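Working notes, structure below.
The values are calculated or read from the model by the stated rules, or taken from the named source; none is laboratory data. As the structure is a prediction and not an experimental result, all values here were calculated from the model. Positions of Cβ are generated from backbone atoms using ideal geometry, with glycine treated the same way; all protein chains shown enter the neighbour counts. Side chains included, ligands, DNA and RNA excluded: accessible areas come from the protein's heavy atoms. Shrake-Rupley method; radii C 1.70, N 1.55, O 1.52, S 1.80 Å.
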Amino acid sequence: MNVFITKTTITITCHKRITPYLEQEAKDLGFTVEDRFITGVRVSGTGNDCIKLNLNLRCASQVLYSLKQFEASDADAIYRNLVDYPWENILPDAGYFSITSNVSNETINNNLFANLRVKDAIVDRIREKTGKRPSSGSELTGAVFNLFWKNNQAEIFIDTSGNSLARHGYRKIPGLAPMLEALASATIYATRWNRVSPFVNPMCGSGTIAIEAALIATNRRPGLFRTNYAFMHIQGYDDAVYLEEDALLEAQIIDVPGLRIIASDYSERAIENAKKNAIAAGVAKLIDFTICDFADTEVPQHAAGIMFMNPEYGERLGQVQELEATYKRIGDFMKQRCGGYYGYVFTGNLELAKKTGLKASRRIEFYTSTIDCRLLEYELYAGSRREKEV
């Protein structure tokens, strides 16, 4: 079996609450979404389709190509079901591979044991059929196989991605508490930005939001920043197919005349790092970086755009008390300087958000790490219409 031309179910995973934006991405790439769940979607396709998905998706974590579904009551059953699978047709003889897993079965309390049984099955099968023993380890630099095992139901996949797609690869200097790139993309998709009007990002930190905005506006895809994927280490891989998809990434970049993306931070170090990250992403010329207090950030007038802020939300009482004044100033800034814009505040502290003195028109749910967050949307009216207090 050549997986690159054989159709199967493809499961595309993502972080919680990003699924709606991942689903739209998959549809935009021409795929029919057959199922969606809390951390991903399912489509049908070949291994070559997985190449396209890996290079183009912004919101995904892994692209998983299904090989086999089976029942397994314990780890030995995992081994028995996989040792008879023709792994010699999947993994090159001298190939290196890794095992990852998502396991919930009462017979074991350590995923690593399940991983070990998968590894043993693959090695024993290939050694029996070819006389050669492939090497394995934890580094996701070669072929990667993923085991999903819940109760008595199991499924084995080729993880065609390897290292997570949620990190887009351009960010060399992450800064303090950076937003994951996939999450940043999803939050931008959630806004009403039309990708041509101004995008203003005070408190930009290491620049992730502003950079992702520039990448989205100009249709620059994550595949531009990465050269190794797990699918490259599977039998049947055709480099010409990958190179064709890779060439399309360059061809589909668009120019947006007059695009204004403005990013500011009071920290000189943050702006230096953001500029370096923007250079790595190839969008430095598209972003105006400024060192200033957020309230002094340039907001182009008569050009209804987006104002997006990701302020701190505090983990200790003292921090929260100090931030109350900051959130009030954010509200004042939006009311006084951002008339005609849609304002967005991403926060994990809704009590602090009330200090803005503005009523959110939408509250869009997200997670960052384990923190329950909201992207709050404010319609900032121009002229004499007064904002209502929370």
Scan region 215-232 and tell me whether some residue there is among the hydrophobic types (A, V, I, L, M, F, W, C), closer than 25 Å to residue 24 by Cα and touching a strand residue (DSSP E or B) at 6+ places or on another chain (Cβ under 6 Å).
yes
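Got at least one residue in region 212-221 being of a type outside the set (D, E, K, R), part of a loop (DSSP other than H, G, I, E, B) and under 21 Å from residue 368 (Cβ atoms)?
Here is the first cut: in region 212-221, the residues of a type outside the set (D, E, K, R) are 213-219.
Now restrict to residues that are part of a loop (DSSP other than H, G, I, E, B): 218-219.
Checking the rest, the ones that are also under 21 Å from residue 368 (Cβ atoms) come to none.
No - not one qualifying residue is present in region 212-221.
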Examine region 256-273 for a residue that is of a type in the set (A, V, I, L, M, F, W, C), exposed (fewer than 15 other Cβ atoms within 10 Å of the Cβ), out of contact with any strand residue (DSSP E or B) (no Cβ under 8 Å at 6 or more places or on another chain) and at pLDDT 95 or above, and state whether such a residue exists.
yes
Subset of region 276-298 (residues that are under 24 Å from residue 333 (Cβ atoms) and within 21 Å of the chain's Cα centre (by Cα))
278
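Considering each of 256, 200, 241 in turn, give the residue that is assigned to a loop (DSSP other than H, G, I, E, B), on the phi < 0 side of the Ramachandran plot and touching a residue at least 40 places away in the same chain (Cβ under 8 Å).
On the way: 200 fails: assigned to a loop (DSSP other than H, G, I, E, B); 241 fails: assigned to a loop (DSSP other than H, G, I, E, B).
Of 256, 200, 241, the one residue that is assigned to a loop (DSSP other than H, G, I, E, B), on the phi < 0 side of the Ramachandran plot and touching a residue at least 40 places away in the same chain (Cβ under 8 Å) is 256.
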Could you check region 348-375 and list, in sequence order, the residues that are in contact with a helix residue (DSSP H, G or I) (Cβ under 6 Å, 6 or more places away or on another chain), open to solvent by less than 70 Å² (accessible area, probe 1.4 Å) and free of Cβ contacts under 8 Å to residues at least 60 places away in the same chain?
352, 356, 357, 358
Could you check residue 194 against (1) assigned to a helix (DSSP H, G or I); (2) under 21 Å from residue 261 (Cα atoms) and say which number it fails?
(1)
Please work out which residue is nearest to residue 232 (Cα to Cα), limiting yourself to region 107-129 and to residues that are open to solvent by 50 Å² or more (accessible area, probe 1.4 Å) and touching an Asp or Glu at 6+ places or on another chain (Cβ under 6 Å).
129
Condition first: farther than 30 Å from residue 89 by Cβ and out of contact with any strand residue (DSSP E or B) (no Cβ under 9 Å at 6 or more places or on another chain). Now tell me which residues in region 1-24 satisfy that.
21, 24
Out of the residues in region 61-70 that are touching a Cys at 6+ places or on another chain (Cβ under 8 Å) and in a strand (DSSP E or B), which is farthest from residue 168 (Cα to Cα)?
65
Looking at region 130-140, which of its residues are open to solvent by less than 50 Å² (accessible area, probe 1.4 Å) and out of contact with any Asp or Glu (no Cβ under 9 Å at 6 or more places or on another chain)?
136, 137
I'd like to check something: does region 212-231 contain any residue that is open to solvent by 60 Å² or more (accessible area, probe 1.4 Å) and either under 24 Å from residue 14 (Cβ atoms) or within 23 Å of the chain's Cα centre (by Cα) (or both)?
yes
Please work out which residue is farthest from the chain's Cα centre (by Cα), limiting yourself to region 83-106 and to residues that are farther than 23 Å from residue 5 by Cβ and open to solvent by less than 60 Å² (accessible area, probe 1.4 Å).
83
Within region 71-90, can one find any residue that is polar (S, T, N, Q), under 23 Å from residue 161 (Cα atoms), touching a residue at least 60 places away in the same chain (Cβ under 8 Å) and not in a strand (DSSP E or B)?
yes
Are there any strands (runs of 3 or more DSSP E) wholly within region 273-358 with 1 or more residues that are touching a His at 6+ places or on another chain (Cβ under 8 Å) and under 21 Å from residue 197 (Cβ atoms), and if so which?
none
Being acidic (Asp, Glu), buried (at least 19 other Cβ atoms within 10 Å of the Cβ) and under 30 Å from residue 280 (Cα atoms), is that true of even one residue in region 151-161?
yes
Which count do you get for residues in region 26-48 that are open to solvent by 50 Å² or more (accessible area, probe 1.4 Å) and within 23 Å of residue 246 (Cα to Cα)?
4
